[in-house]
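The values are calculated or read from the model by the stated rules, or taken from the named source; none is laboratory data. Because the structure is a prediction, the values reported are computed rather than measured. Note: ideal-geometry Cβ built from the backbone for every residue, glycine included; neighbour counts use all protein chains shown. Protein only, heavy atoms only, side chains kept; ligands, DNA and RNA dropped before computing areas. Shrake-Rupley method; radii C 1.70, N 1.55, O 1.52, S 1.80 Å.
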Amino acid sequence: MHRRTALGGALTALATAAAGVLVAAAVSTAPAAAAAGGTGTGYLHTSGSKIVDSTGATVRLTGINWFGMETDNKTFHGLWSSNPWRSQLDTMARLGYNTLRIPYSNDALKAGATATGINDFVNPDLIGLSPLQILDKVIDYAGSKGMRVILDRHRPTSAGQSPLWYTSTVSETTWINDWKMLAQRYAGNTTVIGADLHNEPHAEGTNPAATGACWGCGDTARDWRLAAERAGNAILGVQPNWLIFVEGVSCPSGGLSNVWDNDPSNDEDCGWWGGNLSKAGQFPVRLNVANRLVYSPHEYATSVYRQAWFDDPSYPANMPAIWDKYWGYLYKQNIAPIMMGEFGTTLQDPKDKIWLQNLMAYTGTGVNGMSFTYWSWNPNSGDTGGIANDDWTTINQPKQDILTPYLIPPTGGGGTTSPSPTGTPNTSPAPTTPPPPVTGGCTATYKQINSWAGGFQGELTVKNTGTAAVNPWSATWTWPSGVTLASGWNATVTQSGTTVTAAAPAWASSLAPGASVTVGFTANGTAATPGSVKLNGTAC
């Protein structure tokens, strides 16, 4: 969403508020047969207006955008900060975001693409990795937190947005082939659930000489609905389990109205870039695999553009009818699920707080509500700011407080053993009940991953060689004086004096007989091997 700032805040803002609206009310839907914790089990599919998991349980995606891979850096922003990348994901999951929407540009997928803007001291495990390799690590770790990932083709190149899904330098064939490559790369990885085909198709040119993305106009060079079918079906041919997320346009005609002709009768009703799905009911996206289509509108506040409806005398009571008209009807009529891919605000204007509160109420509460991914985690989105503050560590609490009642935190893991770090020392109180002793014994092996001036990175693997599960498990070890913990993952890692404790995370509390856990960490000081390793008090 930050790219609008680079474009001078250009949005199609010719929409007018609908008349005869009703007072805001939460979406009312029939109860689901079952409700899934977190993001459910296995791959996801659709059922009417619901997203459901492999067991048929309803899933609500309540996520956040972490951008940067679509920019010149070609990887996540904030990797330059003092907060390790895993710690940032830890915070997102802890706050209740169960899904990560990741924007990228086709530039980042090219052979030889280089990721820049990375603090090597804080993120030594990313040194020398390509943008795709960093993406692999983020996906792997997000999955270990129980999060899901949606990939978003945000821009053809890192230079900026495009009204159409192709440009003179990035063809439709490149767009589709890159999607097929990603679908193959993550085939079988249930953390990655789908493709947001192209970000914010929008109008270009003045009618009747429109050159931008239309919906239902039938021109294969401009009809976004037809392009979404071509790309969606190509992806499903490679990975039939993915969801296909399709955004709207701004003006269904694909062109801007001629506001200078003083004839409002022929001025088209337009909305946000990517936010107008008013024609999707009449001209639906048709996919070859049933139950894979999710419509994904974008919605913004005055900090992005002061649309006419914000100054309507009935505001905010006028908003539900506007949302109904542009995209909400698809959900309310049980046509397809809605996953609001972007919405955000700086909250600087009092109207924006009212907007965000009313928009969240409109989506509905609990697992039956509409899905969404908030824009953004990044504080450097010029016209919205982020959930993270400028230090990439602390949180914008006023925004988070509005979103929290609607968030469904991730639970469980994605079947991986990827690390789960805490970027800063954990200061949570120790449990009052000591962990149970190990019935039998344990073994411990250590591997130094990396080292640098003043610090090092390592992995300690502890195996339960006993005859019974250890639940919850807790590993301890000692370091020489002067070695201090910087960050840890796959456990809640803390240090007291020279003793380090790695306590089991909630999503992997039990260590079965014969099973092992790998605790990763970075530390300050001279590289040292953990000593006196114990599992629940039993020496390994």
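Being in contact with a Gly (Cβ under 7 Å, 6 or more places away or on another chain) and assigned to a helix (DSSP H, G or I) is the filter here, so list the residues in region 103-158 that pass it. The answer is GLY143, SER144.
Is one or more of the residues making up region 161-181 surrounded by 22 or more Cβ atoms within 10 Å (Cβ to Cβ), in contact with a helix residue (DSSP H, G or I) (Cβ under 6 Å, 6 or more places away or on another chain) and among the aliphatic types (A, V, I, L, M)? Checked region 161-181: no residue is surrounded by 22 or more Cβ atoms within 10 Å (Cβ to Cβ), in contact with a helix residue (DSSP H, G or I) (Cβ under 6 Å, 6 or more places away or on another chain) and among the aliphatic types (A, V, I, L, M). Condition check for ILE354 on (1) open to solvent by less than 30 Å² (accessible area, probe 1.4 Å); (2) outside any loop (DSSP other than H, G, I, E, B); (3) of a type in the set (A, V, I, L, M, F, W, C): one failure, at (1).
Yes/no per residue for (1) surrounded by 22 or more Cβ atoms within 10 Å (Cβ to Cβ); (2) outside any loop (DSSP other than H, G, I, E, B); (3) hydroxyl-bearing (Ser, Thr, Tyr):
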position: HIS198; (1), (2), (3): yes, no, no
position: GLU204; (1), (2), (3): no, no, no
position: THR211; (1), (2), (3): no, no, yes
position: GLY216; (1), (2), (3): no, no, no
position: ASP219; (1), (2), (3): no, no, no
position: ALA227; (1), (2), (3): yes, yes, no
position: ILE235; (1), (2), (3): yes, yes, no
position: CYS251; (1), (2), (3): yes, no, no
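Just one of (1) without any contact (Cβ under 8 Å) to a residue 12 or more places away in the chain; (2) within 17 Å of the chain's Cα centre (by Cα) fails for ALA290. It is (2). Selection of region 466-485 for residues being in contact with a Pro (Cβ under 8 Å, 6 or more places away or on another chain), β-branched (Val, Ile, Thr) and either open to solvent by 20 Å² or more (accessible area, probe 1.4 Å) or part of a loop (DSSP other than H, G, I, E, B) (or both) yields THR467, THR478.
Being among the hydroxyl-bearing types (Ser, Thr, Tyr) and under 24 Å from the mean Cα position of the chain (by Cα) is the filter; apply it to region 320-355 and report the residue that is farthest from TRP309 (Cα to Cα).
TYR331
Of the listed requirements (1) assigned to a helix (DSSP H, G or I); (2) surrounded by fewer than 20 Cβ atoms within 10 Å (Cβ to Cβ), ALA231 misses just one: (2).
THR116 - would you say it is open to solvent by 20 Å² or more (accessible area, probe 1.4 Å), within 27 Å of TRP175 (Cα to Cα) and among the hydroxyl-bearing types (Ser, Thr, Tyr)?
Numbers: open to solvent by 20 Å² or more (accessible area, probe 1.4 Å): yes; within 27 Å of TRP175 (Cα to Cα): yes; among the hydroxyl-bearing types (Ser, Thr, Tyr): yes.
So THR116 fits the description; yes.
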